[in-house]
Amino acid sequence: MKTAKTYALLGNPVAHSLSPLMHNAAYTRMGIGARYVALCPNDIGEAVRLLRGGDIAGASVTIPFKVSMMEYLDHIDEGARQIGAVNTVCRRDGRFTGHNTDWQGFVADLKARMDIGGKRFVVVGAGGAARAVVYGLLREKGLPVVVNKTAEKAAGLAAEFGCSWLPFEEIGAVLGDCLVNTTPVGMFPNMEASPVPKEILPRFRHAVDIVYNPIRTKLLQEAEAAGCVTHTGLGMFVGQGAEQIRLWTGMEPPLDVMKCAVTERLGRL
Ligand code: ATR
């Protein structure tokens, strides 16, 4: 008999992560008997050594290990290498391979809702999440403009990926088809904050927030009031998890079940 597979989340802290709930809901629906557990190591190198000796079939990687994990893997795929962060580890024939499914989750969800090619995206933030978003947009022939409080970081990211950037003070003058927030501004418990002044929102047809707790952030509420089509961070979160399941199992995950599980829990928080 084939033994059930175990997948792990590696992060610190992980107690409030919605990934175990989302993945386990998917595995139950898929009837594959797999399970997904949250692990909270202090030392990621030591955790990987333990995982190599055990029977973990794959892992999700989250804050603060997305960058440091890279030095402990046997191979890193092209996307994760360019983004500079790994959120997924696959074990194949004893080898650990690093992937980044954040950009795929972002692109898959957005593509279903709007054309990306040739459109101008104002990306707020220049951290790891922004790198995944910019990488995904460029793959789809979108035109990102990076705007960040620390201008040097925006300039560095833009130079590396070959796209435009602007200092945050000039956000009032920028035009685009879609605004994308990649910063944590507006995330629980600071739900009254928005990363951009609401006066600029009528300039955009679409607004995306990658923050998904709360689902309707202050930015999305203001964008909706300004007439934008809004896209919540739930799509990217579910999409990155779905791509992990495709990588690990080769099967198509039940997106609706995953989305329901997360929405229900967020509604109760
Ligand atoms: P992540 O991996 O989630 O992207 P990160 O690498 O720490 O996290 O990056 C967070 C991004 O959000 C940064 O671009 C940061 O701006 P700075 O580069 O100027 O620090 C941005 N950010 C965080 N808090 C912010 C705030 N209160 N206002 C504006 N930008 C903020």
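Figures for the structure shown
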| quantity | calculated |
| --- | --- |
| Residues within segment 156-183 that are within 11 Å of the ligand (Cβ to nearest atom) and part of a helix (DSSP H, G or I), tallied | 4 |
| Every residue from segment 7-47 that is more than 22 Å from the chain's Cα centre (by Cα) and among the β-branched types (Val, Ile, Thr) | THR28, ILE32 |
| Residue that is of a type in the set (A, V, I, L, M), touching a Pro at 6+ places or on another chain (Cβ under 7 Å) and surrounded by fewer than 19 Cβ atoms within 10 Å (Cβ to Cβ), where the choices are MET251, MET187, MET191 | MET191 |
| Segment 186-214 residues that are within 13 Å of the ligand (Cβ to nearest atom), paired with ones that are among the small types (Gly, Ala, Ser) and modelled with pLDDT under 95 (beta carbon under 9 Å, 6 or more apart) | PRO197/GLY172 |
| Among residues of segment 195-215, those that are touching a strand residue (DSSP E or B) at 6+ places or on another chain (Cβ under 8 Å), surrounded by 18 or more Cβ atoms within 10 Å (Cβ to Cβ) and in a loop (DSSP other than H, G, I, E, B), counted | 5 |
| Count - residues of segment 71-87 that are within 14 Å of the ligand (Cβ to nearest atom) and either part of a helix (DSSP H, G or I) or open to solvent by 80 Å² or more (accessible area, probe 1.4 Å) (or both) | 2 |
| Residues that are open to solvent by less than 20 Å² (accessible area, probe 1.4 Å), within 12 Å of ILE245 (Cβ to Cβ) and not aromatic (Phe, Trp, Tyr), drawn from segment 2-54 | SER19, MET22, HIS23, ALA26, ALA34 |
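Here's the yes/no breakdown for (1) open to solvent by 10 Å² or more (accessible area, probe 1.4 Å); (2) of a type in the set (A, V, I, L, M); (3) farther than 22 Å from VAL174 by Cβ; (4) touching a residue at least 12 places away in the same chain (Cβ under 8 Å):
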{"residue": "ARG91", "(1), (2), (3), (4)": "yes, no, yes, yes"}
{"residue": "ARG95", "(1), (2), (3), (4)": "yes, no, yes, yes"}
{"residue": "GLY98", "(1), (2), (3), (4)": "no, no, yes, yes"}
{"residue": "ASP102", "(1), (2), (3), (4)": "yes, no, yes, yes"}
{"residue": "PHE106", "(1), (2), (3), (4)": "no, no, no, yes"}
{"residue": "GLY125", "(1), (2), (3), (4)": "no, no, no, yes"}
{"residue": "GLY128", "(1), (2), (3), (4)": "yes, no, yes, yes"}
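The values are calculated or read from the model by the stated rules, or taken from the named source; none is laboratory data. This one's a predicted model, so the numbers in the text were calculated from it and none came from an experiment. Cβ sites come from the backbone with ideal geometry, for glycine too, and all protein chains shown count toward neighbours. In case anyone asks, the SASA skips ligands and DNA or RNA and just uses the protein heavy atoms, side chains included. Shrake-Rupley method; radii C 1.70, N 1.55, O 1.52, S 1.80 Å.
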